[in-house]
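This report concerns only the one structure given below.
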Amino acid sequence: MTTNGNLPPIDVWQAEAMRVTVFPSDVVPTDRTSWWDDIVGLPPETVIARPKVGQYQARGDFEGRLLALQIQPGRVEWVLGPLAKPMEDEESALPSLGPFPEVLQSLSKIVIPWLHLAPALQRFAFGAILMQPVDSIRSGYTLIQKYLASSVRLDTEASTDFFYQINRPRPSKTGIPSLRLNRLTKWSVQVIRRMTMTIGSEGGAATRTLGEDAACRLELDMNTVPDFSGVLPAEHLESLLLELTDLGREIAQKGDV
């Protein structure tokens, strides 16, 4: 593993959730969709279909994570999230699918082949919620300051409730004329407390704190700008996905650049 200056390696970021979202130019008929079977190769564990309102959801286990295909009017989404586990099996209260690059590779196994089946698209987005565990909220502020060194000066000792959001658009390098990409990021530090509750014989309740987990939190939303006119060329969709995910990787490696 290599580091970028004083910043940790990219695989220190743990993915809490990850998605690819597309916006078709026409309504997707949910009653004829076989995308899950075509791409995943195994039947979903649960399916919820509401054809009258154009909604469909299939969910199942994929490489130890919960994969979901969600269709609604004007929007199709592939999402990776955590499988439900008993609380006693969790060493930390921070949900994790695994290191960012590993989870991205897993999602790409689904999305890349699906792009060859996808309908005509007007917009395309890649999103992720990333967590980097730290010892305390103060050490979290110190670390997040390094990622935001060029844009924010944070009083790491006296500050509380820190939240920073910014969009830094860039032109696309895919060759699609006039296409620009939003690079929206949200930065914060959070603490999750693990607690138990005991109900007494007379109905009273007692709570006990088992511990707490702090983490730097980074939300990525890399997307094509909404004012792009026309349809995204099908032959460029795979390179567009790679460009959006590379922009997310760049921010996770280098910070707010």
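Could you report the chain's accessible area per residue, 1.4 Å probe, as an integer in Å²?
53 Å²
3J(HN,Hα) along the range 220-233, derived from phi through the Karplus expression 6.51 cos²θ - 1.76 cosθ + 1.60 where θ = phi - 60°, amounts to 9, 9, 9, 8, 6, 5, x, 8, 5, 9, x, 10, 5, x Hz, with x in place of Gly and Pro. Mean projected area of the Cα convex hull of the range 4-62, taken over all directions, amounts to 6.7 nm².
Taking 22 Å as R0, compute the FRET efficiency from the Cβ-Cβ separation of Val257 and Phe163 and round it to 0.05. Don't jump to the answer; show the numbers that get you there.
On the way: r = 19 Å, r/R0 = 0.88.
Taking R0 as 22 Å, the efficiency between Val257 and Phe163 is 0.70.
Of the GluC sites (Glu not before Pro) found in the range 1-80, those that fall in a DSSP loop while having at most 13 other beta-carbon atoms within 10 Å are Glu45. Secondary-structure-derived ellipticity at 222 nm for the chain, considering helices only, amounts to -6500 deg cm²/dmol, per-run term -39500 (n - 2.57) for DSSP H runs with n ≥ 4.
So if the hydrodynamic radius of the range 41-169 is defined as the Kirkwood radius over C-alpha pairs, what does Stokes-Einstein give as its diffusion coefficient at 37 °C and 0.692 mPa s, in µm² per second?
Roughly 181 µm²/s, to the nearest whole number.
Evaluated at q = 0.08, 0.12 Å⁻¹, the base-10 log of the normalised Debye intensity for the chain, with identical point scatterers placed on the Cα atoms, takes the values -0.38, -0.81.
Carbon and sulfur: what percent of the chain's accessible surface (1.4 Å probe)? Working shown, then result.
On the way: 6810 of 13630 Å².
Here it works out to 50 percent.
List the DSSP H helices in the chain whose Cα atoms stretch 24 Å or more along the helix axis and whose mean Kyte-Doolittle hydropathy is at least 0.0.
Numbers: long enough: 237-254 (25 Å, 0.07).
Answer set is 237-254.
The values are calculated or read from the model by the stated rules, or taken from the named source; none is laboratory data. As the structure is a computational prediction, the values presented were derived from the model and not from experiment. Every residue, glycine as well, gets a Cβ built from its backbone with ideal geometry; the counts of neighbours run over all protein chains shown. Heads up: the accessible areas ignore ligands, DNA and RNA and are worked out on the full protein's heavy atoms, side chains in. Shrake-Rupley method; radii C 1.70, N 1.55, O 1.52, S 1.80 Å.
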